[in-house]
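The values are calculated or read from the model by the stated rules, or taken from the named source; none is laboratory data. As the structure is a prediction and not an experimental result, all values here were calculated from the model. Note that we place each Cβ from the backbone using ideal geometry, even for glycine, and neighbour counts take in every protein chain shown. These accessible areas exclude ligands, DNA and RNA; they are computed on the full protein's heavy atoms, side chains included. Shrake-Rupley method; radii C 1.70, N 1.55, O 1.52, S 1.80 Å.
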Amino acid sequence: MAGHSQFKNIMHKKGRADKARSKLFSKLAREITVSAKLGLPDPAFNPRLRAAILEAKAENMPKDNIERAIKKSQGGDTESYDEIRYEGYAPGGVAVIVEALTDNNNRTAGEVRAIFTKAGGNLATTGAVSFMFDHLGTVEYDAKVATADEVLEAAIEAGAEDVVSDENGHQIVTKTDTLHEVAKALEAKFGEPRKSGMMWKPQNTVAVDDEAGEKILKLMDALDDNDDVQNVYANFEVSDALVQKMSA
């Protein structure tokens, strides 16, 4: 029975992983379709679409899925999605920003509010916490593409604002209106980045204990699990041990 139970547990985990990947691909496809619909369906002339495709590739989304999502944007029966930003507070007063693409504002707002409430947080009005973050562009490369000094030099020449390099890679930070130009200059030197797009970077972070950290991470997981939510940002710090525990 022990062997049988273990096999069942493994299958259950695999099922959850497959479901999570399917949900992720759906979100990536939605962003690709919306980006292609808002601009040209050619990533060479549409920075947002290019960023969406890069993110899809980074998550190993099949090429056919990407092409199908672009093609869908050109159809007359394409769903209409609104870009909505929700802001709120997690336990411990931690600020949270949620970006969503939705075809039903009332449904998504109700679901996001319920997730905050269940986690012991609360949804606030737009602008309530975003002033604590900077809206920036980001370009990311694997650590092996170049040394930290080489990336820093290239980023300065390209007009970037900041660079953070460690064993996980290089993150080049830009202003939102110069992201396309900086990314283009860096690509000419280092090749295609692993990721490029916009982000909300907290101006300061709040250190929380493991008890509060676990609640906040569960809140963020629940938000991320919502079909309409694309990105979640928060201004808190937790121990590496807790992050590993929650990822297990």
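Mind listing just one residue for me: the one in the stretch 73-92 that is at pLDDT 90 or above and open to solvent by less than 50 Å² (accessible area, probe 1.4 Å) and, of those, farthest from the chain's Cα centre (by Cα)? If we take residues in the stretch 73-92 being at pLDDT 90 or above and open to solvent by less than 50 Å² (accessible area, probe 1.4 Å), then P91 is farthest from the chain's Cα centre (by Cα).
Those residues that are assigned to a helix (DSSP H, G or I) and touching a Lys or Arg at 6+ places or on another chain (Cβ under 9 Å), I need them from the stretch 158-181; list them, please. If the condition is that a residue be assigned to a helix (DSSP H, G or I) and touching a Lys or Arg at 6+ places or on another chain (Cβ under 9 Å), then A158, H180 are the ones that fit. Look at the stretch 218-245: where a residue is under 22 Å from D82 (Cβ atoms) and a partner is hydroxyl-bearing (S, T, Y) and open to solvent by less than 40 Å² (accessible area, probe 1.4 Å), sitting 6+ places away or on another chain with Cβ atoms under 6 Å, you get D228/T102; D228/T108.
Selection of first residues in the stretch 107-129 that are surrounded by 21 or more Cβ atoms within 10 Å (Cβ to Cβ) and at pLDDT 95 or above and of second residues that are part of a loop (DSSP other than H, G, I, E, B) and of a type in the set (D, E, K, R), restricted to Cβ pairs under 6 Å at least 6 apart or on distinct chains, gives the following pairs, ordered by first then second residue: T108/D228. The listed residues are D209, D134, D149, D166, and the only one of them that is out of contact with any Leu (no Cβ under 7 Å at 6 or more places or on another chain) and under 19 Å from E99 (Cβ atoms) turns out to be D134. Of all the numbered requirements in (1) surrounded by 15 or more Cβ atoms within 10 Å (Cβ to Cβ); (2) out of contact with any Pro (no Cβ under 7 Å at 6 or more places or on another chain); (3) β-branched (V, I, T), V243 misses one, and that requirement is (1).
Output the residues belonging to the stretch 207-230 that are surrounded by fewer than 18 Cβ atoms within 10 Å (Cβ to Cβ) and part of a strand (DSSP E or B). Listed by number, the list holds a single entry, A207. Among the conditions (1) more than 17 Å from N46 (Cβ to Cβ); (2) open to solvent by less than 80 Å² (accessible area, probe 1.4 Å); (3) of a type in the set (D, E), the only one that E157 does not satisfy is (2). Which ones in the stretch 130-149 are outside any helix (DSSP H, G or I), touching a residue at least 40 places away in the same chain (Cβ under 8 Å) and more than 19 Å from the chain's Cα centre (by Cα)? The answer is A146, and nothing else.
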